[in-house]
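For reference, the structure is listed below as structure tokens.
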Amino acid sequence: MRRIVLWIALLVLGITLAIGSTIVVQQRPVAEVSYVSTPASPAIAPPPLPQPTLTAVPFPQISDKARSLDVPIIMYHDVKPLKDVEWDITPEHLAQHFQTIQEKGLTPITLAQLIDHFQTDAPLPPKPILLTFDDNYLGEYRYAFPLLKQYNYPAVWSVHTHYVGSQAGKPKATWEQLREMVQSGLITVASHTVNHLRLDTLSPEKVDYELTESKRVLEQQLGVPIQYFTYPEGDYIDSVKHKIAAAGYQAALSMSLDARVERVANQSDDVLSIMRFGQSRFEEIVGTIDH
Ligand SMILES: [Zn+2]
């Protein structure tokens, strides 16, 4: 009898344990499901939609496809009612350029858009053109910046840091004025070195200084990353391209004192020697755009 009672007791205990463990096993997935099925909090963002991936060509190349779309870059210097030199422009003449850009359906783009297009074939808006202003003249701030705001056109400002705010000779814009332009969202500031000296006349150490110190000061004063460089005093220099890249710049604007060398940006050697047209050729260049 005792043995039977013992067997029954063991049987009851076994059944109890079996049921208990089944409940435990069943509760786990239920608990997980109930956690997952809780309505998503509005703070949790939906998963990002898949984006087409654009493959970049190796730096500093320009993609073959991008070479087929002509993008002129116009280079301006001082804007003055009475021109000092031939490459200055009057405010009235600059306003005519902007009017022409609008009438011809051209779209001023940013340098970032152009570099993205050069490296990944990212599409550009219709009839793209890039406007650039060199040497940070006060006349550029006084006359070109209000026009850019009026038309909502972006532009590049190439600034040599040693001359910011200088009133000697042709006056230059101040840090405060530069900050105002950057904060407008229309102006991309590029480094134009510290002292505006031809880089192939300097020692390697001085080239490094001109490249890195100008970037450091511009970033400190303006609070934005400085990603682009503009060669001072003429054409690009092959021997310093690697230094420009090493200093952290993603692209460099060039020019030529020989109008025959000027060409559309997409025909430049690479993104460290991007060619521009002097503004005196604006009507000629814009007249040829028909795409
Ligand atoms: Zn310059």
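The values are calculated or read from the model by the stated rules, or taken from the named source; none is laboratory data. Being a predicted model, the structure only gives us computed values, none of them experimental. Virtual Cβ from ideal backbone geometry, glycine too; neighbours counted across all protein chains shown.
Below are the figures for this structure:
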quantity: Every residue from segment 95-139 that is closer than 16 Å to H77 by Cα and among the charged types (D, E, K, R); calculated: D134, D135
quantity: Residue match in segment 177-192 (condition: among the hydroxyl-bearing types (S, T, Y), within 26 Å of Q99 (Cα to Cα) and within 15 Å of the ligand (Cβ to nearest atom)); calculated: no
quantity: Top-ranked residue of segment 78-92 - restricted to ones that are of a type in the set (A, V, I, L, M) and surrounded by 13 or more Cβ atoms within 10 Å (Cβ to Cβ), ranked as farthest from F277 (Cα to Cα); calculated: V79
quantity: Qualifying residue in segment 243-254 (condition: loosely packed, with under 14 Cβ neighbours inside 10 Å and either within 16 Å of the ligand (Cβ to nearest atom) or closer than 17 Å to F277 by Cβ (or both)); calculated: no
quantity: Breaking point among (1) under 24 Å from I73 (Cα atoms); (2) within 16 Å of the ligand (Cβ to nearest atom), for P171; calculated: (1)
quantity: First in segment 225-241 and on the phi < 0 side of the Ramachandran plot, second anywhere and within 12 Å of the ligand (Cβ to nearest atom) and aromatic (F, W, Y), Cβ under 7 Å, 6 or more apart; calculated: I237/Y231
quantity: Checklist (1) within 19 Å of S256 (Cα to Cα); (2) assigned to a helix (DSSP H, G or I) applied to Y236, failing item; calculated: (2)
quantity: Counted residues, segment 227-242 - those being modelled with pLDDT of 95 or more and away from the ligand (no atom under 16 Å from the Cβ); calculated: 3
quantity: So S214, is it crowded, with 21+ Cβ neighbours inside 10 Å, modelled with pLDDT of 95 or more and either outside any loop (DSSP other than H, G, I, E, B) or within 16 Å of the ligand (Cβ to nearest atom) (or both); calculated: yes
